[in-house]
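What follows is one structure encoded as structure tokens, with my remarks underneath.
What follows is calculated from the coordinates using simple rules that are stated; it is not laboratory data. Small disclaimer: the values here were computed from a predicted structure and weren't measured. Because the Cβ atoms are built from the backbone with ideal geometry, glycine has one as well, and the counts that use them run over all protein chains shown.
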Amino acid sequence: MYKDIIQLLDQKRLKEAFAQLGSLASETNNWTLTSEVETLQNTYGYMLQYAAQGTEDPQQGKMYAHLYRKGYELADRAEFIRQQSASKGFFATKCRTFKQTAVHSFQEIGMTLETNAEDLSVTPLMLAENADKNSELKKLYKQKEKATDELFDKIWTSAHWTDEEAKEASALLDSQLIPANSLAVMVSAATLSLLQLFDPQKLQFLLLAYRRRTEAVVSQRALAGILLTAYYQEKRLSLYPELTAALTMLGDNAQTVQQLHDIQILFLLSRETEKIGKRMREQIIPKMMRNPRLRKTDFKIIDIEDLEDKNPEWEKEMQQISDEIQQLGELQMEGADTYMSTFSQLKSYAFFGQAAHWFYPFDKQTADIADLFADNDISDKSLLKMLLESPIFCNSDKYSFCLTLFSLPKLQIDALRSQIGSQSEVMEENLDKLAGETSSRDKANIISRQYIHDLYRFFKLWMYRSEQHDIFADELAFWKSPFLNRLILQNERRKQIADYLFAKDYFPEASELYEELVQSNPEEAGSWQKLGFSYQKMERYEDAINAYLQADIVKPDHIWTLKHLAQCYKRTHNFEKALEYFYRVESIQPDNLNLLLQIGQCLATLRNYDKALQYFFKVEYLDRTPANAQRAIGWCYFMTGKHAEALRFFEKLIQASDAQISDWLNTGHVYLAMHQIPKALECYRHAEKQSKTHDEFMKIYLADKDALLEQGVTEESVYLIPDLLL
């Protein structure tokens, strides 16, 4: 019924929609909702009566727009309430619990948090005894946690805020006592709520949070929430011109625009997280586990001489691993989530059973980990301190790390501290370096990155994640929202995002942006080249050719452009045109072996075998590994009926340890054309053995049927060979 109502509203058939809305509201057994729907129906009924009488009403347009969007609001709320009443999941149960329990108002929760903050500031001064002080502090930590969790759940499970609720919630943003960390959790709850149900009051709250709070931990979360809401609730947002105007005004502040751009890039980087985890599981860790040297805990410096004595391959393997880790480090510097795989197994602690805790900014005063810091014996130079203050790790992972340490026996913790203490000089150097790096970075970007990594873990690892839509399974291309396009792609940032997408091989999205860029600046050859390359990777070769031709006009005779033009013409089987551009490149790079091979291939395809052979022989002479040239020479000789010469080259290839399927197949073809069937069968058997299946062999064998017929092999013989192999 809900979908029918929305469809009617989309078609602006309000009377029918409101009638069905009344039926849906009655199913919820919610008196307030039913009453609001009746008021809506009556008000619209009066409007229709006035319209029928031809009464002039200057407020009619404004009233119609109000009723129209109110219809969506009530339909959304009715469906939300109906779903939570019928469902048995965690979230639905939480919603019902809040409905049945006398929960505190925002004002009451705010007062609790303010009182708690005052108590936390004076308690350490009033209590001298460590035992009493720690006990009292822990009570206050738990009190703060309880109030913060209630604040989160109250917002997360709510439908639409009333005007009074919105006023009270917004008032909390003006408090100077409520911890910024609690407000950050509050902002996250509003974001999660908006992802399920659009509430204009909550979006207004996020806009206020961004404007009013100076702490990055609050403002950057609010900005991320604004982006997500505008992206996912585009249709509902369009009904509220005051909100779309507020979004547009964000573009007036250069700093805000930069932050929006950075958050967009960070969300795009989340696409790489799964790839990084797979790379760790399938490449880096297996390589390390296979190498006995890397499994040693005291491994630090590779002794080249020692490696050569024991196993020459170790140095190569270690270099490969070093390269992989360096690449991960570079991704990390971009803001990629390189630790998801590492910490994903450490989210089963009871602490993470509460949804709010996935969004806690890291705080040593959190009750579950406070005892770890109670003795004040964590050195300023310790690895633990370095990890906890590092901008690299997200909040959720820092909690995981502390909870893991907290679960260790005291002896192991003492041993760890002792080991860390022995390396204090190194740690101090690393801490100083890290502090220097952090101070030079954009703090807002670091906060945003940590928060997005926290969000990623919640949507991927929370035990009840199946109850919600995984936003990280989507593109998260915010610029595709009409309300965000001008904010995200302002000025040079369109090119920056296009280049990022291009660098990460997201060619369809990159091509869309490059299309816009070449329209606005057709004299930029680089954009034409990247547009052409994107099309080429998408196998849109004709479009790629057109883009490359434009690049060649703007920047003539650029080798890269000419090569790719030739490749695309070759892909479209326009070999004459391909040769035209290959020859232009050859005039600049006469000894480019790959180029010479491609020219030879085009000539051979055009049956100009004599000229093709000239190029292939040149490559064979110049190339240290001339196997590809020899294959091409053998094939040219075969196609010109010079079977003995062809055999001479193919025999060289099959005698090599790395002989390919095609080498055995081609040698078999020559013997078949020479009517030496036993030798042909022997070669074909080798080719079949290297094939995964007989069907795969048949496919590549029959691909050369026309060539065999041309060399005098009868069609019957062509089909007899596969049966002779069985």
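Listing for the model above:
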item	result
Charge tally in the Cβ shell below 12 Å around F393, where Lys, Arg are +1 and Asp, Glu are -1, F393 excluded	-1
Label-point gap, in nm, between D474 and E16 - each point 7 angstrom along Cα→Cβ	2.9
Net charge over other residues, Cβ less than 14 angstrom from the Cβ of M249 (K, R count +1; D, E count -1)	0
Using alpha-carbon coordinates, inclination of helix 593-605 to the longest axis of the chain, degrees	70
Spin-label pair L622/D706, simplified geometry with 7 Å Cα→Cβ offset, distance in nm	3.1
Computed lengthening from E467 to S407, 0.36 nm per intervening residue step minus Cα-Cα distance	18.6 nm
Projected label distance in nm at S390 and Q49, using a 7 Å step from Cα toward the beta-carbon	7.2
Cα long-axis angle, helix 443-461 against the chain (0 to 90 degrees, to the nearest 10)	80
Cβ-derived FRET efficiency at R0 56 Å, D723 paired with E38, nearest 0.05	0.10
Loop trypsin sites (Lys or Arg not before Pro), segment 34-100 (other Cβ atoms within 10 Å of the site Cβ: 16 or fewer; DSSP)	K88
Sites S175 and M126, calculated FRET efficiency, Cβ-Cβ separation with R0 25 Å, nearest 0.05	0.60
Dipole magnitude (debye, nearest 20) for segment 495-555, charges at Cβ of Lys, Arg, Asp, Glu	180
Residue-span extension gain [W560 to E682] - 0.36 nm each, minus C-alpha spacing	39.5 nm
Summed residue charge, Cβ within 11 Å of T366's Cβ, Lys/Arg positive, Asp/Glu negative	+1
Between 0 and 90°, nearest 10: helix 715-725 axis offset from the chain longest Cα axis	70
³J(HN,Hα) computed for each position of segment 171-181 - Karplus, 6.51 cos²θ - 1.76 cosθ + 1.60, integer Hz, glycine/proline x	5, 4, 5, 8, 5, 8, 9, 4, x, 4, 4
Nearest-0.05 FRET efficiency for T97 and Y349, computed from C-beta distance (R0 25 Å)	0.65
Charge-dipole axis of the chain as Lys and Arg at +1 and Asp and Glu at -1 on Cβ define it, positive-most pick from Q49, S481, Q176	Q49
Dipole of the chain, positive direction: furthest Cα of S348, A503, V713, with charges on the beta-carbon	V713
Lysine pairs meeting the criterion (Cα under 29 Å, 8 or more apart or interchain), as found in segment 580-726	22
Given charges at beta-carbon only (K, R positive; D, E negative), |dipole| of the chain in Debye	920
From phi via Karplus (6.51, -1.76, 1.60), per-residue ³J(HN,Hα) for segment 61-68 in Hz, x at Gly/Pro	x, 5, 5, 4, 4, 5, 5, 4
Residue pairs, from the table K278/K398; K142/K347; K70/K480; K146/K235; K154/K364, whose Cα atoms sit over 29 Å apart	K146/K235
Net length gained if the chain between A503 and S520 were fully extended (0.36 nm per residue, minus Cα distance)	4.0 nm
Selection from L622, T97, T214, by position along the positive dipole direction of the chain (Cβ)	T97
Relative exposure of T572, T55, judged by other C-beta atoms within 10 Å (fewest first)	T55, T572
